[in-house]
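Asker: Shown below is the structure under consideration.
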Amino acid sequence: MSRPQVAIIGAGLSGLSLALALKRQKISCTVYEGRAASFNIGGAVMLSPNALKVLDALGVYSRVRAKGFNFETLEYRDVDEDLGRVREVYEFGGEQKYGYKALRIYRHVLIDELLAMLAENGISLKYSMKFKCVVKDTDKQVTWEWADGTQQSASLLIGADGIHSTVRKYLYPDLAPTFIGMAGITAAVPTSQLKLPDGYHIPVTFMTKKYGAFVIAPQEVDGSEVLIGKQKRLEDRGKEEWAAVLADKQSLVEFLQQNAEEFPEIVQNAVTHIPTDKINVWPFYIVPKLEKWTSPSRRVVMLGDAAHAIPPSAGQGINQAFEDVYMFSLLLAQAGKVAMEKALTFWQQYRQERIEQIMALNKQIDLRRMPSDEKTKDEMEDMNLEWLYLPDFKAVVDNWLADQTA
Ligand SMILES: Cc1cc2nc3c(=O)[nH]c(=O)nc-3n(C[C@H](O)[C@H](O)[C@H](O)COP(=O)(O)OP(=O)(O)OC[C@H]3O[C@@H](n4cnc5c(N)ncnc54)[C@H](O)[C@@H]3O)c2cc1C
């Protein structure tokens, strides 16, 4: 494969960051988004050092660092034992240890910055372009159809079209994401409403055996607003029914307020007044492990949530997508010098191993946050997260390339 012309389906965080990463490698691309314009689905994401290192390499980090809330740890407090004893401190970042503090940033702020960078770099982004299906996929190029029936070709088609990916249907026509029976119900309130005691650490999650967990996480640059949230068991349902759940704001407020008296005072304060405009419902869907992220010709590739949507316990969803994007761009820059079949096989294997490690971490985190009598001593031992936050993806690719030419 010589220098490809790349079509990216989806202008979410994966698609936009990929466009920038390819530009850095002097690979031309166009991003196609099905919606008519950039859309704010609301909410903030937490970025950890592994992803921030990628965003730094793409020139994004320096532009967004001061636009979000920088922090290092999350506290887990046990409400059943001693009304709020700190059970665990989980590192989400660390300037000294991992090179970066964690960053909690509104998704739309990050998207807007990426959009500005695409414009500055002259990268083409076209809205109202809804991908429908692949019609021809050969050694030379891939041709696909848009929802309006027209066709187009490129040397590479990238599915960055999220958890309900249509590009994925080409490789897995029958696969539907699995709902894990749980949705996050979240809202945003002013931090002052919590009446936080001096020195009280947030982000914090309060855990109870009977009433589940209650999350409080600062957002806005100065932490002046907090996300509050709980998880709710729900049945799976279609898109319209999920929209109806979100539309019923009163029930969502009542759910957040339910059993508040069983939690410490700051939770009770948090739910006294809940504005309905920032309420969100986040159904937890996952994509099971997929054997292939590319078509046999290697001209159709999936990444981000399209390839591996994972449960939220370790907060690694988008962080892992940024890793995909960066390594993919470094390898694609070698087109013409190394066989792309080998490069993409290496890419998927490396990335899949990371995803499996995250899945194991998710499990470990879920276990640790269960009531203490359900845990063994081993499970409470310190968690070493260097494998997650410290890898140098450029060095990983360079080492692999060196092995190919040795
Ligand atoms: C409420 C919430 C909170 C989250 N918090 C965190 C967090 O703190 N940390 C974290 O790491 N992860 C978090 N995640 C997960 C994270 O948001 C996802 O992993 C991430 O958004 C995946 O990005 P993506 O670009 O792959 O997909 P998406 O963000 O889904 O983007 C896909 C894009 O493709 C477009 N598209 C879809 N179909 C088509 C089509 N047929 N044709 C053209 N365009 C199409 C869509 O319109 C969309 O713009 C959170 C998710 C949610 C919902």
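The values are calculated or read from the model by the stated rules, or taken from the named source; none is laboratory data. A quick note: this is a predicted structure, and the numbers were derived from the prediction, not measured. Here Cβ is always computed from backbone atoms with ideal geometry, including for glycine, and neighbour counts include all displayed protein chains. Heavy atoms of the whole protein, side chains included, go into the accessibility calculation; ligands, DNA and RNA do not. Shrake-Rupley method; radii C 1.70, N 1.55, O 1.52, S 1.80 Å.
Asker: Taking the stretch 1-25, which residues are farther than 22 Å from residue 52 by Cα and open to solvent by 50 Å² or more (accessible area, probe 1.4 Å)?
Answerer: 1, 2, 3, 5 - these are the residues of the stretch 1-25 that are farther than 22 Å from residue 52 by Cα and open to solvent by 50 Å² or more (accessible area, probe 1.4 Å).
Asker: Got a sec? Which of 107, 65 is within 23 Å of residue 184 (Cβ to Cβ), open to solvent by 70 Å² or more (accessible area, probe 1.4 Å) and either modelled with pLDDT of 95 or more or within 14 Å of the ligand (Cβ to nearest atom) (or both)? If you could, list the steps in order and put the result at the bottom.
Answerer: On the way: 65 fails: within 23 Å of residue 184 (Cβ to Cβ).
Only one candidate passes the filter, namely 107.
Asker: Out of 67, 26, 97, which single residue is in contact with a helix residue (DSSP H, G or I) (Cβ under 7 Å, 6 or more places away or on another chain), more than 23 Å from residue 162 (Cα to Cα) and basic (Lys, Arg)?
Answerer: 67
Asker: Considering only the stretch 68-94, how many residues are on the phi > 0 side of the Ramachandran plot and open to solvent by 50 Å² or more (accessible area, probe 1.4 Å)?
Answerer: 2
Asker: Out of the residues in the stretch 126-162 meeting the condition of being buried (at least 19 other Cβ atoms within 10 Å of the Cβ) and either modelled with pLDDT under 95 or in contact with a helix residue (DSSP H, G or I) (Cβ under 7 Å, 6 or more places away or on another chain) (or both), tell me which one is nearest to residue 29 (Cα to Cα).
Answerer: Top of the filtered list is 158.
Asker: Then there's this: Take residue 54 and tell me if it is crowded, with 16+ Cβ neighbours inside 10 Å, in the same structural domain as residue 129 (by TED's automatic domain parsing), within 11 Å of the ligand (Cβ to nearest atom) and of a type in the set (Val, Ile, Thr).
Answerer: It is false that residue 54 is crowded, with 16+ Cβ neighbours inside 10 Å, in the same structural domain as residue 129 (by TED's automatic domain parsing), within 11 Å of the ligand (Cβ to nearest atom) and of a type in the set (Val, Ile, Thr).
Asker: Hey, another quick one. Give me the residue from the stretch 18-35 that is of a type in the set (A, V, I, L, M, F, W, C) and near the ligand (Cβ under 10 Å from one of its atoms) and, out of that set, farthest from residue 228 (Cα to Cα).
Answerer: 31
Asker: Right, here's the next one. Checking the structure you have, find out if any residue of the stretch 262-269 is open to solvent by 40 Å² or more (accessible area, probe 1.4 Å), assigned to a helix (DSSP H, G or I) and in contact with a Ser or Thr (Cβ under 8 Å, 6 or more places away or on another chain).
Answerer: Yes, that holds for at least one residue.
Asker: Oh, and also: May I ask you to list the residues in the stretch 194-215 that are in contact (Cβ under 8 Å) with a residue 40 or more places away in the chain, within 16 Å of the ligand (Cβ to nearest atom), part of a strand (DSSP E or B) and surrounded by 17 or more Cβ atoms within 10 Å (Cβ to Cβ)?
Answerer: Matches in the stretch 194-215: 204, 205.
Asker: Kindly establish whether residue 48 is touching a residue at least 24 places away in the same chain (Cβ under 8 Å), in contact with a strand residue (DSSP E or B) (Cβ under 7 Å, 6 or more places away or on another chain) and open to solvent by less than 10 Å² (accessible area, probe 1.4 Å).
Answerer: Yes; evaluated as a whole, the condition is true for this residue.
Asker: Another question, then. Considering each of 355, 310 in turn, give the residue that is within 15 Å of the ligand (Cβ to nearest atom), in a helix (DSSP H, G or I) and under 16 Å from the mean Cα position of the chain (by Cα). First the steps, then the outcome.
Answerer: Working: 310 fails: in a helix (DSSP H, G or I).
The match here is 355.
Asker: Go through the stretch 169-188 and report how many residues are within 11 Å of the ligand (Cβ to nearest atom) and either touching a Lys or Arg at 6+ places or on another chain (Cβ under 6 Å) or more than 25 Å from residue 42 (Cα to Cα) (or both).
Answerer: 3
Asker: Name, by its number, the condition in (1) without any contact (Cβ under 8 Å) to a residue 40 or more places away in the chain; (2) farther than 28 Å from residue 64 by Cα; (3) surrounded by 15 or more Cβ atoms within 10 Å (Cβ to Cβ); (4) more than 11 Å from the ligand (Cβ to nearest atom) that does not hold for residue 191.
Answerer: Answer for residue 191: the failing condition is (2).
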